[in-house]
Amino acid sequence: MRVTVVGAGVAGLACAVEFAERGLAVELLERTQRLGAGCCSWYAGGMLAPWCELESAERLIAELGAESLAWWRDKVPGTVLGGSLVVAHGRDSGELKHFARRTERYEWLDADALAALEPDLAGRFERALYFREEGHLDPRAALAALAQRLRARGGEVRFGASGAAAAKSPGECPVVDCTGLAAREVLADLRGVKGEMLVVRLPDLSLSRPVRVLHPRVPVYIVPRGDGHFMIGATMIESDQATRISVRSMLELLGAAYALHPAFGEAEIVEIGTGVRPAFPDNLPRLCRRGDTLYVNGLYRHGFLAAPALARRAADLLLTGREAPEVMH
Amino acid sequence: MLKLYEVELGSRVLLGTARYPSPAILMEAVKASGTQLVTVSLRREAAGERAGQGFWSLIRDLGVRVLPNTAACHSVKEAVTTAHMAREVFGTSWVKLEVIGEDDTLQPDVFALVEAARILAREGFEVFPYTTEDLVVAERLLEAGCRVLMPWGSPIGCGRGLNNPFGLKALRARFPAVPMVIDAGIGVPSHAAQSLELGFDAVLINTAVSQAVDPVRMAAAFARAVAAGREAYLAGPMEPRDMAVPSTPVIGKAFLG
């Protein structure tokens, strides 16, 4: 059986790899010319934090995310399952309590335990939440690893190829559309939620796991990318314009990094980026069947977190017709 | 019935639309609160490029009136510009005017507030100024053309309730005919009830609902508290006393010897 996947963001690549590994002949079409050029996955944090996300997301996200952890570990080298940390400065300690109340599967750390995990944060925070089972990855390396894996399984990635051709020849093979906001004409209630991020280089500081810095106005996370690089993200703005990065956003992101550790004051700014996340009104991902096309969309800020679990459900649907009611629309 | 700028509203809850887990939960919270007026903050970048359409069309679909605000504006000019954009995007001359004067407490810059209110009122806007409980500032805002006041309970988002009940009572007593909405600082439903008991006409709530573990349930709780506070105000609460007064008369009590 053949299948055409459209869109080489994390959803499309995860679907393509899952399909190929379950015996389908996969062709992946990407309208841009290189991996990551057309998708918000390129700017993702790459946190695999299902239980942290419970702070603002529904339980379904935690379930899909928990299920996806092993998929990443098994398929993408460099996936780190080293937990994640949540900290807040003294006057924001209420935020930490609030975060704890809404999440689960964490332990409280005191200053010493935090220092044992992250020596460079020694003496900076009195308490922290440690989500031991969570992980992180480098989204760009992960996209490349998935593309490579797909090719190794005989799949094909065609850049500069529009999905329109695939959609126009129905019946030949099923089409799985993972084009995010580009699918708006069909999925009318999709909207864009803009995110701004930056990458800095600071060889003097080392972190082994993502750290969220809570603040009542601007919660920010910092993800180590290896080689002295850190990703700092990400804003959430109701907008579908992936341009313009505001001074306010940069102030907030950099301020939070500086608050985590003043050494960030000396970091080199390597990149500033912005992408637009596709989201449905409930901010939950969906599989939607429209004619011969299956849409996998609305992954919002949970692309890397939930894509493998969605890819599995899409594969089940294609291969066995079994529907997963929690994500079918 | 609550009347703001000649518009009658069936609910005394005003709801902010920021920081909900999702627009879908916001919609449910709006329903559960019974509100007929929601505030929306406009980021200027989004307004300029029409980039926030997705979210704004969801807001328009709520079927309630929209009160755009000028949140995060720090100067008269910014606030006036944002009000113009809001009028265009939402097709309303109502604007909740916020001019922030201090970044830590988000306290209003009352001088700039009065100035911006005067400009906007002259341009035909119906201005809802976010102000403090200061009587003199209130007087100036009314002179500037405001016909509704929105005094703070305590700083935005802090959830501490009514910081200065004495000052708020004085404000209420000084301008008995002006509709007043307690804006900012409401943390739990009892704060909202207290506001209404003091004779304020409505409360505006955002963080207390949007950041609750269950926003929809909290929205419903606020609806009840506001209704109870209003009823209590109309029923005429007793005055606190310094000594106990038995509610059962002692005279005629059986002599137990």
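So here's what we get for this one:
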item: Selection status of A:Ala100, surrounded by 15 or more Cβ atoms within 10 Å (Cβ to Cβ), in the same structural domain as A:Leu260 (by TED's automatic domain parsing) and assigned to a helix (DSSP H, G or I); result: yes
item: Complete set of residues in the range A:4-33 that are surrounded by fewer than 24 Cβ atoms within 10 Å (Cβ to Cβ) and more than 11 Å from A:Gly154 (Cβ to Cβ); result: A:Arg22, A:Arg31, A:Thr32, A:Gln33
item: A:Arg277 vs. criteria under 21 Å from the mean Cα position of the chain (by Cα), within 30 Å of B:Ala29 (Cα to Cα) and either in the same structural domain as A:Gly195 (by TED's automatic domain parsing) or assigned to a strand (DSSP E or B) (or both); result: yes
item: Failed item in (1) touching a residue at least 24 places away in the same chain (Cβ under 8 Å); (2) assigned to a helix (DSSP H, G or I), with B:Leu234 passing the rest; result: (1)
item: Residue check, A:Arg313 assigned by TED's automatic domain parsing to the domain that holds A:Cys52, out of contact with any Gly (no Cβ under 9 Å at 6 or more places or on another chain) and within 19 Å of A:Gly9 (Cβ to Cβ); result: yes
item: Any hit, the range B:44-63, residues being among the β-branched types (Val, Ile, Thr), closer than 23 Å to B:Glu8 by Cα and either assigned to a loop (DSSP other than H, G, I, E, B) or modelled with pLDDT under 85 (or both); result: yes
item: Residues of the range B:86-104 that turn out to be exposed (fewer than 15 other Cβ atoms within 10 Å of the Cβ) and either in a helix (DSSP H, G or I) or within 14 Å of the chain's Cα centre (by Cα) (or both), as a count; result: 1
item: Hits in the range A:186-225 - residues which are over 25 Å from A:Phe131 (Cα atoms), within 14 Å of chain B (Cβ to nearest Cβ), outside any strand (DSSP E or B) and not hydrophobic (A, V, I, L, M, F, W, C); result: A:Asp189
item: Single condition A:Glu67 does not satisfy, out of (1) under 15 Å from the mean Cα position of the chain (by Cα); (2) surrounded by fewer than 24 Cβ atoms within 10 Å (Cβ to Cβ); (3) modelled with pLDDT under 95; result: (3)
item: Test: residue in the range A:108-129 that is closer than 19 Å to A:Thr79 by Cβ, crowded, with 20+ Cβ neighbours inside 10 Å and modelled with pLDDT of 95 or more; result: no
item: Subset of the range A:260-274 (residues that are in a helix (DSSP H, G or I) and surrounded by 18 or more Cβ atoms within 10 Å (Cβ to Cβ)); result: A:Leu260, A:Phe264
item: So B:Val110, is it under 30 Å from B:Ser190 (Cα atoms) and either at pLDDT 95 or above or more than 14 Å from chain A (Cβ to nearest Cβ) (or both); result: yes
item: Residue match in the range B:156-175 (condition: more than 14 Å from chain A (Cβ to nearest Cβ), touching a residue at least 40 places away in the same chain (Cβ under 8 Å) and surrounded by 15 or more Cβ atoms within 10 Å (Cβ to Cβ)); result: no
item: Residue that is nearest to A:Gly94 (Cα to Cα), among those in the range B:206-242 that are in contact with a strand residue (DSSP E or B) (Cβ under 8 Å, 6 or more places away or on another chain) and at pLDDT below 95; result: B:Thr207
item: Qualifying positions in the range A:224-280 - of a type in the set (Ser, Thr, Tyr) and within 25 Å of A:Val80 (Cα to Cα); result: A:Thr235, A:Tyr258, A:Thr274
item: Whichever residue in the range A:226-250 is buried (at least 17 other Cβ atoms within 10 Å of the Cβ) and away from chain B (no Cβ under 14 Å) and, among such residues, is modelled with the lowest pLDDT; result: A:Ala234
item: Options A:Gly78, A:Gly45, A:Gly38; residue that is in contact with a Leu (Cβ under 9 Å, 6 or more places away or on another chain) and among the small types (Gly, Ala, Ser); result: A:Gly78
item: Subset of the range B:16-29 (residues that are aliphatic (A, V, I, L, M) and either at pLDDT 95 or above or within 19 Å of A:Leu190 (Cβ to Cβ) (or both)); result: B:Ala24, B:Ile25, B:Leu26, B:Met27, B:Ala29
item: Residues being part of a loop (DSSP other than H, G, I, E, B), under 24 Å from A:Arg217 (Cα atoms) and in contact with a Lys or Arg (Cβ under 6 Å, 6 or more places away or on another chain) - total across the range B:120-165; result: 1
item: Boolean, A:Leu253 is buried (at least 19 other Cβ atoms within 10 Å of the Cβ), of a type outside the set (D, E, K, R) and in a strand (DSSP E or B); result: no
item: Candidates B:Ala117, B:Ala24 - the one that is away from chain A (no Cβ under 12 Å) and either under 30 Å from B:Tyr233 (Cα atoms) or in a helix (DSSP H, G or I) (or both); result: B:Ala117
item: Residue check for A:Val276: closer than 24 Å to B:Ser22 by Cα, modelled with pLDDT under 95 and away from chain B (no Cβ under 12 Å); result: no
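Per-residue answers, yes or no, for (1) surrounded by fewer than 23 Cβ atoms within 10 Å (Cβ to Cβ); (2) touching a residue at least 40 places away in the same chain (Cβ under 8 Å); (3) closer than 30 Å to A:Glu53 by Cα; (4) of a type in the set (Phe, Trp, Tyr):
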residue	(1), (2), (3), (4)
B:Asp201	yes, yes, no, no
B:Val213	yes, no, yes, no
B:Ala220	yes, yes, yes, no
B:Ala223	yes, yes, yes, no
B:Val226	no, yes, no, no
B:Arg230	yes, yes, no, no
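Matching residues to (1) assigned to a helix (DSSP H, G or I); (2) under 30 Å from A:Leu35 (Cβ atoms):
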position	(1), (2)
A:Ser93	yes, no
A:Leu96	yes, no
A:Arg105	no, no
A:Trp108	no, no
A:Ala115	yes, no
A:Asp120	yes, no
A:Ala128	no, no
A:Leu143	yes, yes
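To keep it simple, each residue is scored yes or no on (1) away from chain A (no Cβ under 14 Å); (2) in contact with a helix residue (DSSP H, G or I) (Cβ under 9 Å, 6 or more places away or on another chain).
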| site | (1), (2) |
| --- | --- |
| B:Val40 | no, yes |
| B:Ala86 | yes, yes |
| B:Val99 | yes, yes |
| B:Thr105 | no, no |
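The values are calculated or read from the model by the stated rules, or taken from the named source; none is laboratory data. As the structure is a computational prediction, the values presented were derived from the model and not from experiment. We place every Cβ from the backbone using ideal geometry, glycine too, and count neighbours over all the protein chains shown.
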